[in-house]
Structure formats: structure tokens, C-alpha cells
Amino acid sequence: MNIIKKTQYKFIAITLSAISIILILILGVLNICVIAVSLYNASMTLEQIEERRGFVFSSNGIDDNDSSIFSGAFSGSFGGLTDGSGTKPYMYVKINANNTYSPMITTNMSDTYSSDEIFTIAVNIIDTGREYGIYNNMIYKVTSDDLTTTVTILDMSSDLVFMGHMLRLSIIVIVCSLVVVFVFTYFLSKWAIKPVKEAFENQKRFISDASHELKTPLTVISANADVLESEIGDNKWLTNIKSQSELMSGLVYDLLDLTKLDETKDTMVMSEFDLSSLVLNKTLEFECTAFESGKNLEENIKEGITFKGDESSIQHLVSILIDNAIKHSDENGTIRVTLTESGSKKIFQVYNTGNGIRNDEKDKIFNRFYRSDQSRSRETGGYGLGLSIAKSIADANHGTISVDGEEGKWVSFTVVL
């Protein structure tokens, strides 16, 4: 995924996140308010039912319950069940403390619960030991004195159904809104990043064209320097010319590599190959370089590890990291190349002793043209593109690259494929 697509996706992600947070807050507050209002109304209704001792009044103020029912409530086993109206389904149960009288039960839910069931519910609620609470889909209040215990119960099933509808509706609104916002933002993001995309494409085109144009004069300069050296012998000025032309050639080829990677990331040929053999062969190629520099190159490569990716780019990645380790290791230092496997992950690591890396450099080290202070020397050369190329290769092969180290002691680059 190139930087333009990443920028576009970040734009979309930020917009969707912001809209999601706003919608969740608004609809969340709305749902909380609905719940709060329902609970408040329920508590007020409980208070009214308890104050009226189970009597329910209609809108015209006439008692819908027959008071004789309450009189007879103490003569039967559980008293009478009435069908009051004017309020939500409720139960009012009054239990004598010493069981001198049978419980008095008033309800408008006689079609739903028998007197035995209502009494059982009341007893279960009393056993909880709480004054207020929720039992199944009902809210209750318990009041006790020395003689009686009163349990007032209000069925909240209709409220819960309404709350469920509200919650589902809120989720549907959020999802539909996000779909609409996503479609709108997707096309808007294309328009928003169009100038950036054009500038980026122009920059890539310039780098590619300039690099190709520079190859020819650098080749001519290097060839002429060789001819002059064969005619006049060793000369420090010719040596400087050849040295700088080699550095410039390295920069040109690095720029061409970056341009090529940017253009061919989506068209790389992915095939399965022996990663262990590749890393081992590349490590052996650098043994002479390390030996001539007086440095110790070690390898710990597990055999038989295979990987499906672009083989040529992985070769380049391995070369960059080993070459970088040799250049930036200290005198008589140690370079260690490791390849292991963890589950389906292939872990390639290059470690070297030396200047190490500062903590503030770890996030910058893979930026193009970035070079740490420790690397700004004529001896190591380079223009800060090698690690950027390594990161591009890792990304193109669906892997990651990270750096760790301690300033003045060691540094280690880890590629997970």
C-alpha cells in the first residue's frame, strides 16, 4: 500500500471515528434518558400504588377496585385478585408479620399470575433483603413495619420492549449513518488528496528521470578517470573524482531502486523459495568484506525455512542490512545474522556492536535521506536511503521491520515476514 492510499484510508478512518463517537454519544445519552425517565416514572407509580394500598384510580377519579375485595382478602387463603385499570400491570402484596391473617393481594395481572405465584414472587423479593430492586422484568419496593411487610411490584415488560426497540433503532441509525458517511468520505477523500497525489507522482517522476539522466555522465566521468589514471598513474585528484563518482552512482541506483519499488509493489512476483539458503548465501558473500575490515561475522540460520514472496527484493533486503551492519560496527566488532521461525512467522535479524542508536532516532531511522550523527562520516558513505529501501521491501512483501539498540553499544534490525 503506497503512501497516497495510506493517507486516504487515514482520512476515511478519522472521519468515521469522529462521526461514530458523536453518534454514539448522542444516541447513548438519548437511550440513558429514556431509561432514566422510565425508572423515574416507575418509582413514582410504585409510590402511588403503595400510598393507595393497592387501590387504582381511573382518570375520572372513581375507584376501579371494589373495597370489599380487601375486606375479603383476610378471610380467604390469599385474598381476592382484582382487575384494576388506569396504570401499568402491578401487584400489591401485604403480608402479616405473625401470619395471623392471610396475605392481602391486589393486582391487575390476575390473567397472568395466580395468587400462589404472586405470593411466591413477593416472598422471593422479601428474601433478597433489599428495599428497591428489579426482579425478572419487574421493579419492586418493599416496606416493613412491626406488623406487616408490603411488597409493591410494577411490571416493566412494556418499557423493556420499548428500550430494546430504541437500542436496536440506535444501532441501525449508527450503522446506516456510517455507511452513508463512508461512501461520501471515500469520494471526498479522493478529491482532497488529489493535489498531494499529483505532487507525489511528480516527485517520483522527477527522481526517476533525474536518476536516469545522471547515470550517463557519471559513467563517462568514471571511465575518463580510469583512462587518465592509466596514462598518468596514481593521482590524488583522480582518486577523489573516482571516489565521489562511485558515491554518486550509489545514490543514483538507490533512487532508482526506490522508484522501482514504488511502481512495482503491486506487481511483484510472489513465489515460494528457500529463505534459509538465500540468507546463508548472502551472508557468505560478505565474509570477505567483514574479514578485510577486521570484524567478526557470525551466522545462526535455521535450515529449511521457506517463504512466499519476491525473491529478488528479499535478496536486496538481506544485503542492505548486512552491509549496513558491517559499515556501522565498531573496530573488531561483531556482526550476527540470525534466521529463525516462530509459527508461520519468519524472523530475520541482523545485530552489530558499535555506536548503537539513540531512542529518539528509532522512529526516524527508516525515513528517506535520514542519517544519524554517528553515520555522517566519509568512511561509511551513503545517503540514508538503504534502510528506507529495506522498509519498502519489507512492506511490499507484507512484512515488518523494526530497530532496537542501545546508544554506544549495539543495534539490531529485525524483519518479520
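The values are calculated or read from the model by the stated rules, or taken from the named source; none is laboratory data. These numbers were taken from a predicted model, which means no experiment stands behind them. Cβ sites come from the backbone with ideal geometry, for glycine too, and all protein chains shown count toward neighbours. Calculation scope for accessible area: heavy atoms of the full protein, side chains included, ligands and nucleic acids excluded. Shrake-Rupley method; radii C 1.70, N 1.55, O 1.52, S 1.80 Å.
Between residues in region 217-234 that are farther than 23 Å from TYR253 by Cα and residues that are in a helix (DSSP H, G or I) and of a type in the set (Lys, Arg), which pairs lie under 9 Å by C-beta distance while being six or more apart or on different chains?
Partner pairs satisfying both residue conditions: GLU229/LYS242.
Within region 311-337, track down each residue that is among the acidic types (Asp, Glu) and farther than 12 Å from LEU278 by Cα.
Result: ASP323, ASP330, GLU331.
Here's a check for you: in region 304-322, which residue that is surrounded by fewer than 19 Cβ atoms within 10 Å (Cβ to Cβ) and either over 21 Å from MET270 (Cα atoms) or among the hydroxyl-bearing types (Ser, Thr, Tyr) (or both) is nearest to the chain's Cα centre (by Cα)?
Looking at residues that are surrounded by fewer than 19 Cβ atoms within 10 Å (Cβ to Cβ) and either over 21 Å from MET270 (Cα atoms) or among the hydroxyl-bearing types (Ser, Thr, Tyr) (or both), I get THR306.
Can you name the residue in region 176-211 that is in contact with a Lys or Arg (Cβ under 9 Å, 6 or more places away or on another chain) and charged (D, E, K, R) and, of all such residues, is modelled with the lowest pLDDT?
LYS197
Search region 353-364 for residues that are on the phi > 0 side of the Ramachandran plot and pair each with any residue that is at pLDDT 80 or above and among the acidic types (Asp, Glu) when their beta-carbon atoms are under 8 Å apart and the residues are at least 6 apart or on different chains.
GLY354/ASP330; GLY356/GLU406; GLY356/GLU407
Test of understanding: among ASN108, ASN136, which residue is open to solvent by 20 Å² or more (accessible area, probe 1.4 Å) and within 47 Å of the chain's Cα centre (by Cα)?
ASN136
Name every residue in region 70-101 that is modelled with pLDDT of 70 or more, surrounded by 17 or more Cβ atoms within 10 Å (Cβ to Cβ) and not basic (Lys, Arg), in order of residue number.
PRO89, TYR90, MET91, TYR92, VAL93, ILE95
For the subset of region 288-298 comprising residues that are modelled with pLDDT of 90 or more and not in a loop (DSSP other than H, G, I, E, B), which member is surrounded by the fewest Cβ atoms within 10 Å (Cβ to Cβ)?
Selected residue: GLU298.
Would you check which residues across region 301-326 are β-branched (Val, Ile, Thr) and within 22 Å of ASN355 (Cα to Cα) and list them?
If the condition is that a residue be β-branched (Val, Ile, Thr) and within 22 Å of ASN355 (Cα to Cα), then VAL318, ILE320, ILE322, ILE326 are the ones that fit.
Looking at VAL220, VAL173, VAL227, which one is hydrophobic (A, V, I, L, M, F, W, C), modelled with pLDDT of 90 or more and open to solvent by less than 80 Å² (accessible area, probe 1.4 Å)?
It is VAL173.
Can you pull out every residue in region 36-69 that is open to solvent by 70 Å² or more (accessible area, probe 1.4 Å), β-branched (Val, Ile, Thr) and either in contact with a Pro (Cβ under 6 Å, 6 or more places away or on another chain) or at pLDDT 85 or above (or both)?
Scanning region 36-69 gives a single hit, VAL37.
Which number in (1) assigned to a helix (DSSP H, G or I); (2) modelled with pLDDT of 80 or more; (3) in contact with a Leu (Cβ under 7 Å, 6 or more places away or on another chain) marks the one condition that LEU154 misses?
So the condition that LEU154 fails would be (1).
Tell me yes or no: at least one residue of region 265-274 is at pLDDT below 75, within 44 Å of the chain's Cα centre (by Cα), surrounded by 15 or more Cβ atoms within 10 Å (Cβ to Cβ) and not hydrophobic (A, V, I, L, M, F, W, C).
yes
Filter region 323-336 for residues that are within 17 Å of SER388 (Cβ to Cβ) and either open to solvent by less than 20 Å² (accessible area, probe 1.4 Å) or basic (Lys, Arg) (or both) and give the result.
Matches in region 323-336: ALA325, LYS327.
Can you tell me how many residues in region 337-350 are farther than 14 Å from LYS302 by Cβ and either open to solvent by 50 Å² or more (accessible area, probe 1.4 Å) or in contact with a Pro (Cβ under 7 Å, 6 or more places away or on another chain) (or both)?
1
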